[in-house]
Amino acid sequence: MAPGIVLLLLGLGLFLFGLQVMTASIQDAVGTRVREVLRSLADRPLVAAGTGLVVTAVIQSSSATTVMVVGLVEAGLLDLRAAVAVILGANVGTTATGQLVAFSFTEYALPLVVSGAGLAVVFRGRPAGRWGKAVLGLGFVFLGLGYMSGGAAGIYRLPRLTRTLLDFSGSTSCALLAGMVVTGLLQSSSATTGITIVLAQQGFMDIKEAVAVVIGSNIGTCVTALLAAVGRSPAARQAAFAHLLINVGGMFLFLPFLGPFVALVQALGPDVGRQVANAHTIFNLVGLGVGLLLLNGLVKGVLWLVPGGRQGGGRRKN
């Protein structure tokens, strides 16, 4: 096996492991407070969207936020209108990981690993120890990105692989599908975006294909919520389907303007990694704005597509 492939696989494993450790540790540190925040603050659309954004940016997982929303809707603690707004905000919050990955912080990987491990050992079982594990996970994320970047650069120099990549270049539909499938398997759009940033930086795909992968990843991340809603009440299925409807709608909104959108993110900066991260953020920010404007229509559409059960459980304020 070529050294580049070994480095790439090693980096990928470290990256995914670090992302999992960081996300799980942060969720463990904040505990049940996240559910309380979602339940108590998501009474108005703007507040609900802001809550979803902040909570997801903190726990680094829109899937986790959406699964909690599904549970709260089923329990009658959150109505569907507020749930949709929380999901819209969560989509923006999850882009924080991509923005972080786009920075060249690989030189800080080992200090983060050492300091995080030290905190985790010294303060084991206490909040500081849990945050130490989160820092340890972040260090592995950056360490993995460094190995992935080096491995990808080595692989790209192989002539046969270069020709193969050129043969498949320019396929927006394949890139969209890849984003959906990879994110569905990894159950993390943040992981897909991080991997895409590295591959784009090393020339494995152009910016248009990378943006298409990111858009596809937003649909793939719906798998977690849909699985969480299987066998549950109509209210839970409505919340999960709302997540899918929002992200599929966003894809169809952007696809006709993919060329101008790519030109916009390219104009915002020369670094391709930053362009991919910005595309992810802008896509979801626009989705948030349009979704809030069409919020009542979205709710009616979900209730029509997934009928049955109560239509709201929490307090509703206009």
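What follows is calculated from the coordinates using simple rules that are stated; it is not laboratory data. Not measured: the values here are computed from a predicted model. A quick note on method: Cβ atoms are made from the backbone with ideal geometry, for glycine too, and the neighbour counts reach across all protein chains shown.
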One point scatterer per Cα, no solvent, Debye formula: log10 I(q)/I(0) for segment 3-305 at q = 0.09 Å⁻¹ comes out as -0.44
Residue-count net charge about Met22 - beta-carbon cut-off 13 Å; Lys, Arg +1, Asp, Glu -1: +1
Segment 230-280: Rg to Rh, with Rh as the Kirkwood radius over Cα pairs: 1.24
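Quick one: net charge around Ala229, please, counting Lys, Arg +1 and Asp, Glu -1 for every other residue with C-beta under 13 Å from its C-beta.
Its environment carries a net charge of +1.
Take each of the peptides 14-20, 61-67, 195-201, average the number of other beta-carbon atoms within 10 Å over its residues, and list them starting from the highest.
Numbers: 14-20: 20.7, 61-67: 26.9, 195-201: 25.0.
For the peptides 14-20, 61-67, 195-201, the packing ranking is 61-67, 195-201, 14-20.
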Plugging the Cβ-Cβ distance of Phe252 and Asp28 into 1/(1 + (r/R0)^6) at R0 = 41 Å yields, to the nearest 0.05, a FRET efficiency of 0.65
Packing-wise, with mean Cβ within 10 Å as the measure, how do 131-137, 286-292 rank, highest first? 131-137, 286-292
Cβ-placed point charges (K, R +1; D, E -1), dipole of segment 62-149 about Cα centre in debye, nearest 20: 300 debye
Please report the spacing between the Cα centers of segment 93-123 and segment 219-263 in Å, no decimals. 30 Å
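What is the extension gain from Leu305 to Leu10, computed as 0.36 nm multiplied by their sequence separation minus the C-alpha to C-alpha distance, in nm to one decimal? Walk me through the intermediate numbers first.
Details: separation 295, 0.36 × 295 = 106.20 nm, distance 4.39 nm.
Extending this stretch completely gives an extra 101.8 nm.
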